[in-house]
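The values are calculated or read from the model by the stated rules, or taken from the named source; none is laboratory data. What you are looking at is a predicted structure, and each value in this text was computed from that prediction instead of being measured. Backbone-built Cβ (ideal geometry, glycine too); neighbour counts: all protein chains shown. Surface accessibility is based on the protein's heavy atoms, side chains included, excluding ligands, DNA and RNA. Shrake-Rupley method; radii C 1.70, N 1.55, O 1.52, S 1.80 Å.
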Amino acid sequence: MNLPTSVTLVEMGPRDGLQNESASISLATKLRLIDDLAAAGLSVIESGSFVNPKWIPQMADSAEVFRGLQRRAGVRYTALTPNLQGLERALDAGADEVAVFAAASEAFSRKNINCGIAESLQRFEPVMARAEAAGVRVRGYVSCVLGCPYEGEIAPQGVLEVARKLLGLGCYEVSLGDTIGTGTAGSTQRLLDALLPQIPAQQLALHCHDTYGQALANILVGLQNGIATVDASVAGLGGCPYARGATGNVATEDVVYMLNGMGIHTGIDLDALVSAGARISEALGRRNGSRAANALLASAG
């Protein structure tokens, strides 16, 4: 077993979490959430998305979010940028890092971004060139690595091909997204068996949604295979607008609780993180999706 001694948590709540909310969310609420997360010790926070607001209206004020940040030393404030126009807006707003996204499923790619996998990767070429010229690192996401709402099971070899192409374009890391949360420990291991002989664990991250309650088990498999970067969303916020029934990304509090119990360092203050999750859940008028947070709050109450 090759467990890492420390793990980097990439916080998805302000972007992947909030983008699926139906009610309007104020700029002040978003800025408070991001600052709460940074104060709790999150060092990478995906703070917005520079996509067409017609498709993702909750992200329409991402430029204002970045300009309003009270930046903390040692924290990277990142943004999702699907195309060159989005990248230019992100650079202008002051994003520290950007991300592009592809899918391992042809059908999902067409539903999500209206083009096939090959064309989506082609579209990233000018984005990568401009980001390199600006001195900004680019992270890559691959959606539907363990299952697709339209195609069902996804072959690990297809995921490998997309991941290798993203790295070849210049992404420093590829995050493997179980977008609909159907993955299990077994399917996660089979995927990593296909990827790790070709891609170092240091260039891979896990992005597990918890629809079937399997996210922590899948993350544990990743840890056992040397993966030391995990995406998570405070209070389990989120979902996928193109995958009906998919729940949010695994709750950051649950991942930190598990890692603390394993003696793996994160640099995150769990109590402060639980408070941040409770505050945003209350602001959104929804139940906190973190089991660990709810248990800790109940035992303290």
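Before we move on, is A38 more than 17 Å from V234 (Cβ to Cβ) and either in contact (Cβ under 8 Å) with a residue 24 or more places away in the chain or surrounded by fewer than 21 Cβ atoms within 10 Å (Cβ to Cβ) (or both)? Here the answer is no, as A38 does not meet what is asked. Restricting D210, D231 to those that are more than 13 Å from N2 (Cα to Cα), acidic (D, E) and touching a Cys at 6+ places or on another chain (Cβ under 8 Å) reduces the list to D231.
The residue of the stretch 130-171 that is farthest from Y77 (Cα to Cα), among those that are aliphatic (A, V, I, L, M) and without any contact (Cβ under 8 Å) to a residue 40 or more places away in the chain, is A155. Contact annotation: residue pairs with Cβ atoms under 6 Å, 6 or more positions apart or on different chains, pairing a residue in the stretch 212-227 that is touching a residue at least 40 places away in the same chain (Cβ under 8 Å) with a partner that is β-branched (V, I, T) and assigned to a helix (DSSP H, G or I), are N218/T188. Pull up the stretch 158-180, narrow it to residues that are modelled with pLDDT of 95 or more and farther than 17 Å from I117 by Cβ, then point me to the one that is surrounded by the most Cβ atoms within 10 Å (Cβ to Cβ). Selected residue: D178. Residues in the stretch 279-288 that are touching a residue at least 60 places away in the same chain (Cβ under 8 Å) and either part of a helix (DSSP H, G or I) or surrounded by 15 or more Cβ atoms within 10 Å (Cβ to Cβ) (or both): 4 in all. Of all the listed residues (A276, A293), the sole one being touching a residue at least 60 places away in the same chain (Cβ under 8 Å) and either assigned to a helix (DSSP H, G or I) or open to solvent by less than 20 Å² (accessible area, probe 1.4 Å) (or both) is A276.
Residue-by-condition table, conditions (1) more than 26 Å from L192 (Cβ to Cβ); (2) touching a Phe, Trp or Tyr at 6+ places or on another chain (Cβ under 8 Å); (3) open to solvent by 30 Å² or more (accessible area, probe 1.4 Å); (4) not β-branched (V, I, T):
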{"residue": "S62", "(1), (2), (3), (4)": "yes, yes, no, yes"}
{"residue": "G86", "(1), (2), (3), (4)": "yes, yes, no, yes"}
{"residue": "R89", "(1), (2), (3), (4)": "yes, yes, yes, yes"}
{"residue": "A95", "(1), (2), (3), (4)": "yes, yes, no, yes"}
{"residue": "E106", "(1), (2), (3), (4)": "no, no, yes, yes"}
{"residue": "F124", "(1), (2), (3), (4)": "no, no, no, yes"}
{"residue": "A131", "(1), (2), (3), (4)": "yes, no, no, yes"}
{"residue": "Y141", "(1), (2), (3), (4)": "no, yes, no, yes"}
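Would you pick out the residues in the stretch 262-273 that are small (G, A, S) and touching a residue at least 40 places away in the same chain (Cβ under 8 Å)? Across the stretch 262-273, the qualifying residues are G267, A272.
Among residues of the stretch 84-96 that are closer than 11 Å to G48 by Cβ, those with a Cβ under 8 angstrom from a residue that is modelled with pLDDT under 95, sequence gap 6+ or separate chain, pair up as G86/V51. Entry remark, the stretch 195-211: residues being in contact (Cβ under 8 Å) with a residue 24 or more places away in the chain, farther than 25 Å from I45 by Cα and open to solvent by 30 Å² or more (accessible area, probe 1.4 Å) number 2 in total. Taking only pairs six or more apart or across chains, which ones have beta-carbon atoms under 6 Å, a first residue in the stretch 114-125 that is in contact (Cβ under 8 Å) with a residue 24 or more places away in the chain, and a second residue that is open to solvent by 90 Å² or more (accessible area, probe 1.4 Å)? So the pair list comes out as L121/K165.
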